[in-house]
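Participant: Supplied in structure tokens, the structure appears directly below.
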Amino acid sequence: QQPVQSPQAVILREGEDAVINCSSSKALYSVHWYRQKHGEAPVFLMILLKGGEQKGHEKISASFNEKKQQSSLYLTASQLSYSGTYFCGTEISSSYKLIFGSGTRLLVRP
Amino acid sequence: EPEVTQTPSHQVTQMGQEVILRCVPISNHLYFYWYRQILGQKVEFLVSFYNNEISEKSEIFDDQFSVERPDGSNFTLKIRSTKLEDSAMYFCASSVIREHGYTFGSGTRLTVV
């Protein structure tokens, strides 16, 4: 039931773009994206509900392909502050919980 | 900006002892959760709580775990007899409705020795 995230790790130069993917074998009600910095709590970035949509938040956006049960997080023109571990969390209709993927470690270098 | 508050920030306990982790969710939030994260690993679901009762619990949440909302504001996680493998960061989270993101507290680092 755990969603599968890829890649496991990404190293970028400041200004470069990245895509993080999340896929599920279950029909999803929602997909959440969170960023966690070392020693801190996860911070909510955005939620995508079934119906297929794309959302944006500054230079970070995400899409949800309901047919494939896949979501992607797009980081454009990366900044040093984007470094951290990104988790997707998925929820199915009959469940009241998020199940998180194993995370993608992102490092942005000057 | 409203916060989820967790206390204590760090607790060290001896194996077999009981611990209570405390959380004050955001006041108008209706859904409450406990998650744990073993160092460097994924965030694992423990239990969800809505309308003063458990909505769902994971296989980790066995008889040694319990949750309560004793006074309408605090939300507690009790571990009755701690084991070494319970050492982890425990996060409380809340959301206003199901279709909103979760706000996580800063966590309680539990160390069982």
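Participant: So, in the stretch B:1-60, exactly how many residues are assigned to a strand (DSSP E or B), in contact (Cβ under 8 Å) with a residue 12 or more places away in the chain, more than 15 Å from A:Ala41 (Cα to Cα) and of a type in the set (Asp, Glu)?
Facilitator: Number satisfying all stated conditions: 0.
Participant: Go through (1) in a loop (DSSP other than H, G, I, E, B); (2) open to solvent by 40 Å² or more (accessible area, probe 1.4 Å); (3) touching a residue at least 12 places away in the same chain (Cβ under 8 Å) and name the single condition B:Arg98 misses.
Facilitator: Just one mismatch for B:Arg98, condition (2).
Participant: From the set of residues in the stretch A:86-99 that are facing chain B (nearest Cβ under 10 Å) and crowded, with 23+ Cβ neighbours inside 10 Å, which is nearest to B:Leu46 (Cα to Cα)?
Facilitator: Pass one, the stretch A:86-99, residues facing chain B (nearest Cβ under 10 Å): A:87, A:89, A:91, A:94-99.
Filter again for crowded, with 23+ Cβ neighbours inside 10 Å, leaving A:87, A:89, A:98.
Details: A:Phe87: 17, A:Gly89: 14, A:Leu98: 10 Å.
This residue is A:Leu98.
Participant: Which one is farthest from the other protein chains (Cβ to nearest Cβ) among residues in the stretch B:61-92 that are open to solvent by 40 Å² or more (accessible area, probe 1.4 Å), more than 10 Å from the chain's Cα centre (by Cα) and touching a residue at least 60 places away in the same chain (Cβ under 8 Å)?
Facilitator: Filtering first and then ranking leaves B:Ser81.
Participant: Which of the residues spanning the stretch A:29-38 are more than 9 Å from every other protein chain (Cβ to nearest Cβ) and open to solvent by 10 Å² or more (accessible area, probe 1.4 Å)?
Facilitator: Residues satisfying the conditions are A:Arg35, A:Lys37, A:His38.
The values are calculated or read from the model by the stated rules, or taken from the named source; none is laboratory data. In this text the structure is predicted, and so the values were computed from the model without any measurement. So basically every Cβ, Gly included, is an ideal-geometry build from the backbone, and we count neighbours across all protein chains shown. To get the accessible areas, we keep the full protein, side chains included, count just its heavy atoms, and leave off ligands, DNA and RNA. Shrake-Rupley method; radii C 1.70, N 1.55, O 1.52, S 1.80 Å.
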